[in-house]
Amino acid sequence: MRNILEKKIYTDIYKTLDFFKHELVNFNGITTQLKPCSGEIPELNGIDIYGEAIPLNGVAGGDHIIYLDFNNRYDLDHRIAEAQNANLSGVKGKLKLNKRRAGILLADAAGHNITDALQVAMLHQAFLTGVQYELMRNGEVTADLFEILNTRFFNSSSLSKFITLIYGEISDTGKFRFISAGHPLPVVFSNQYDKLIQVCFQQMYGCPPIGTLPSKEDMDSNCNVSRLGYKKKYSVHQINLTVKGDILLLYSDGLSEHNIDNMETLYFPLRLENTLRRIKNGSAKEIYFNLKEDLLNFATPEDDMSFVVIKKI
């Protein structure tokens, strides 16, 4: 009787483990579909772009990249004609500007497990849905979209499951306009001075991650009670790549905190600068893979790492 009972227990355990194994495979298949393919990376005259997420576990994690190649993802000519027919000259003008710029979103959910990919999967769908409405209403992506995303995640996530993100749009002139929600600030490697120039916008430090604090200026703020207070609205900032060969780097904290011996020796910024100085003449894709190789040779990662190289050519 005892052997029969033990056999049943082990059978049930194996069935449960097999169930969760198939669920994880299924979940990984879903998240894999959300990863940008090489064809989604925007192409702009005078600008070269390449970047990928590097999950800690090699499958899926909390880092995520979304590219907006406005010319290929959306029928801008159709949208422009519709705006003209509706006598929306402002929307029409903004839609035309999208022909000369591309968007990049880099997000980092708290945690680096496979299940943390659920947070960025939710963000992925919500963001792209929001972009559709932004283009119809405003002709471009505005900071208001991130206020809406912040409120949605505040109302549906715990404080420990926040998301930092940076979203920016690079134009063919080298102008990069962006918002940051508690995310590491971009850095620029100046081709003229052959060194890193760290961007510093003091006012950005009051912009917390997505989902942690509601905005007091939100129309529904009275419905979103926060014991920790309220945040300021996300603000838009600008960086200009002025010289051919300038490199703008967007990255997650997996790169900026990449280290040896428990933060005793950091990769960022000294070794990053030296590496970029050595590989700066390559294409954005070549710079990405050379930098990735150097990062992995430097130390074993302890977090997801993501970065996007934007180079003025």
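Considering only residues in the range 149-181 that are of a type in the set (A, V, I, L, M, F, W, C) and modelled with pLDDT under 95, the one that is surrounded by the fewest Cβ atoms within 10 Å (Cβ to Cβ) turns out to be Leu159.
Which members of the range 281-313 meet the condition of being surrounded by 16 or more Cβ atoms within 10 Å (Cβ to Cβ) and in a loop (DSSP other than H, G, I, E, B)? Matches in the range 281-313: Gly282, Pro301, Asp303, Asp304.
In the range 258-280, which residue that is polar (S, T, N, Q) and out of contact with any helix residue (DSSP H, G or I) (no Cβ under 7 Å at 6 or more places or on another chain) is surrounded by the fewest Cβ atoms within 10 Å (Cβ to Cβ)? Once the filter is applied, the top-ranked residue is Asn262.
Here are Lys216, Lys244, Lys231: which of them is in contact with a Lys or Arg (Cβ under 8 Å, 6 or more places away or on another chain) and surrounded by 17 or more Cβ atoms within 10 Å (Cβ to Cβ)?
Lys231
Among all positions in the range 57-70, there is no residue which is hydroxyl-bearing (Ser, Thr, Tyr), farther than 30 Å from Thr242 by Cα and at pLDDT 65 or above.
Here the range 209-257 is the region considered, the condition is being out of contact with any helix residue (DSSP H, G or I) (no Cβ under 9 Å at 6 or more places or on another chain) and among the basic types (Lys, Arg), and the residue that is farthest from Ile310 (Cα to Cα) is Arg227. Note on the range 107-193: enclosed strands (runs of 3 or more DSSP E) holding 2 or more residues that are closer than 24 Å to Ala60 by Cα are 163-171, 175-181. Within the range 108-138, the set of residues being in contact with an Asp or Glu (Cβ under 7 Å, 6 or more places away or on another chain) and either of a type in the set (Lys, Arg) or buried (at least 21 other Cβ atoms within 10 Å of the Cβ) (or both) comprises Asp108, Ala109, His112.
Quick check on the range 257-268. Is at least one of its residues within 25 Å of Tyr193 (Cβ to Cβ) and either in contact with a Cys (Cβ under 9 Å, 6 or more places away or on another chain) or in contact (Cβ under 8 Å) with a residue 60 or more places away in the chain (or both)? Taking every residue of the range 257-268 in turn, none turns out to be within 25 Å of Tyr193 (Cβ to Cβ) and either in contact with a Cys (Cβ under 9 Å, 6 or more places away or on another chain) or in contact (Cβ under 8 Å) with a residue 60 or more places away in the chain (or both).
Count of the range 158-197 residues, restricted to those that are touching a helix residue (DSSP H, G or I) at 6+ places or on another chain (Cβ under 7 Å), more than 30 Å from Asn71 (Cβ to Cβ) and of a type outside the set (A, V, I, L, M, F, W, C), is 3. Taken as a whole, the range 85-101 holds no residue that is touching a strand residue (DSSP E or B) at 6+ places or on another chain (Cβ under 8 Å) and part of a loop (DSSP other than H, G, I, E, B). Do we find that Gln84 is at pLDDT below 95 and among the polar types (S, T, N, Q) in this structure? Answer is no for this residue.
Scanning the range 249-274 for residues that are out of contact with any Phe, Trp or Tyr (no Cβ under 9 Å at 6 or more places or on another chain), more than 18 Å from Asp108 (Cβ to Cβ) and part of a helix (DSSP H, G or I) returns Leu270, Asn274. Consider the range 53-81 and keep the residues that are in contact with a Pro (Cβ under 9 Å, 6 or more places away or on another chain) and in a loop (DSSP other than H, G, I, E, B). The one that is nearest to Asn138 (Cα to Cα) is Asp69. Residues satisfying the criterion are present in the range 233-248 (criterion: over 19 Å from the mean Cα position of the chain (by Cα), outside any loop (DSSP other than H, G, I, E, B) and over 21 Å from Gly58 (Cα atoms)).
The values are calculated or read from the model by the stated rules, or taken from the named source; none is laboratory data. What you are looking at is a predicted structure, and each value in this text was computed from that prediction instead of being measured. With ideal geometry, Cβ positions are generated from the backbone for all residues, glycine too; neighbour counts draw on all protein chains shown.
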